[in-house]
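Following: one structure in structure tokens, then a few remarks.
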């Protein structure tokens, strides 16, 4: 299917005016100029889009209405929180095949924080593989090409109990919002409330929850979390019984 046809279908699903009829016409910064041709053509036509009540999104370039590709991939925004997830720490565990997240360029995702990405080392290919990084498992899976992803996003298949429940509880999502579970998503995907959380904050808190569950709370049946602020003023998680954490500490 041509990019024009896919964009026509995408625009029918948009729930935000961000990028509508306002393609990016500047020089692509950084690694974005290495995106596959179809992706660059997409950005020229639609500079980011928010679909399916905000539960699917593709980021744009320097788009003040949406999420900026370069800003979202800055290490200090949320990627740093997943630095503990190294394959060498758990070589037998397939969930840790992700490696360092700075090896990926994240260009879209869903409302629960799962991210679509290219692997930097593969971006010189004509049609690089699109990967999905799951914040629930900290694993990475291949999901096809950018054309496959656009076809999926422009279709009607993004439904399911989790989406219906999230819409009923948290409602539609804006660009800088994620739906997250309380207790945290990494702890319970079928219990607790679904609430709106800032997108970057949600990514950080899910990283902390996953780290705690795998490193500190393996023998705790129902771990309880407390929040604290790091030196940059970002909300972090620690185990409730370790609430002695102080501002400025990087771990609990």
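FYI, it's all coordinate maths here, none of it is from the lab. Just so it is clear, the model here is predicted, and its values are computed rather than measured. Every residue, glycine among them, receives a Cβ derived from its backbone with ideal geometry; neighbour counts consider all protein chains shown.
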Exposure proxy order (Cβ contacts within 10 Å, fewest to most) of 7, 143, 130: 143, 7, 130
Gain in span if fully extended, residue 102 to residue 65, counting 0.36 nm per residue against the direct Cα distance: 10.8 nm
Exposure proxy order (Cβ contacts within 10 Å, fewest to most) of 10, 163: 163, 10
Spin-label model distance (nm) - residue 231 vs residue 120, 7 Å beyond Cα toward Cβ: 2.3
Diffusion constant of the stretch 1-83 at 10 °C, which comes from Stokes-Einstein with the Kirkwood Cα-pair radius and 1.306 mPa s, µm²/s: 119
Contour excess over end-to-end distance, with Cα ends at residue 195 and residue 182 and 0.36 nm allotted per residue: 4.0 nm
